[in-house]
Amino acid sequence: MFFGITDIWTYVVGAFFIILLPGPNSLYVLSTAAQRGVRQGYRGVMGVFLGDTVLMVLAAAGVASLLKSTPILFNVVKYAGAGYLAWIGFQMLRGAWSSRRSPEAARATAPEPERTVESPFRKALVISLMNPKAILFFISFFIQFVDPAYGTPALSFLILGAICQLFSVLYLSALIFGGTFLVGRFRARRGMSTALRTGVGALFIGFGVRLATATLG
């Protein structure tokens with residue numbers, strides 16, 4: 001064992017590939033960076049970081065076990081999260097369709113003034129807390145690698161959390177700079193911007209459906 005972690009290399013490999021799977025966190029950060037720039041993208045990353053940290057602390061505190069043993073509570077969390085993700089998806093689809101019809105559509109791809117748009121940090125935080133991939137990861141995978149007999153399990157969870165957050169920040173940073181690279185192309189090609197927003201909106205609806213049908217098994 002390594003500080004109470006039963007198989008750290010299995011966890012490292014598993015966490016790496018789980019982080020790489022597309023999810024609402026990464027798609028939101030990518031779309032924010034593409035439309036509003038690096039600074040706003042990193043505000044989204046900070047929201048994701050805090051949201052994942054909250055989920056890790058809750059898992060370490062035993063909330064994961066509580067959700068497993070209380071199906072009603074798990075269903076409340078599940079359907080609330082599913083509804084929120086689907087709502088974000090519909091908002092994105094509506095914005096994409098509106099920009100398609102409007103002669104002002106070209107402006108939709110330019111960075112918007114910060115005072116007129118929702119905070120990326122706050123929105124990313126809520127998305128992270130409702131993220132089906134993160135919820136199921138911390139409930140079913142994260143806690144399996146800590147030996148309950150270890151004297152200071154908080155240290156084990158801290159190490160596991162630091163590994164996960166490192167992978168997450170590196171991955172999201174790559175998406176941010178990839179997203180800003182696409183900005184010029186979105187400004188020049190109205191159809192590409194609309195297609196991106198439509199695709200991301202559809203994926204958010206899909207994430208909501210996936211969370212609504214998720215089980216602890």
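Just the residues that are farther than 22 Å from residue 74 by Cβ, touching a helix residue (DSSP H, G or I) at 6+ places or on another chain (Cβ under 9 Å) and among the hydroxyl-bearing types (Ser, Thr, Tyr), please, taken from segment 137-168.
150, 156, 168
Please verify whether segment 64-81 includes one or more residues that are modelled with pLDDT of 75 or more, part of a helix (DSSP H, G or I) and crowded, with 19+ Cβ neighbours inside 10 Å.
Taking every residue of segment 64-81 in turn, none turns out to be modelled with pLDDT of 75 or more, part of a helix (DSSP H, G or I) and crowded, with 19+ Cβ neighbours inside 10 Å.
Cβ-Cβ distance below 8 Å, separation of 6 or more or different chains: which pairs start in segment 9-38 with a residue that is open to solvent by 30 Å² or more (accessible area, probe 1.4 Å) and end on one that is of a type in the set (Lys, Arg) and assigned to a helix (DSSP H, G or I)?
18/133; 21/133
Can you find, within segment 107-132, the residue that is surrounded by the most Cβ atoms within 10 Å (Cβ to Cβ) among those that are part of a loop (DSSP other than H, G, I, E, B), of a type outside the set (A, V, I, L, M, F, W, C) and modelled with pLDDT of 50 or more?
131
What residue, among those in segment 179-211 that are farther than 24 Å from residue 97 by Cβ and open to solvent by 30 Å² or more (accessible area, probe 1.4 Å), is modelled with the highest pLDDT?
180
The values are calculated or read from the model by the stated rules, or taken from the named source; none is laboratory data. Small disclaimer: the values here were computed from a predicted structure and weren't measured. Cβ coordinates were reconstructed from backbone atoms using ideal geometry, including for glycine residues, and neighbour counts include every protein chain displayed. Quick note on the areas: whole protein, heavy atoms, side chains included, nothing else; ligands and nucleic acids left out. Shrake-Rupley method; radii C 1.70, N 1.55, O 1.52, S 1.80 Å.
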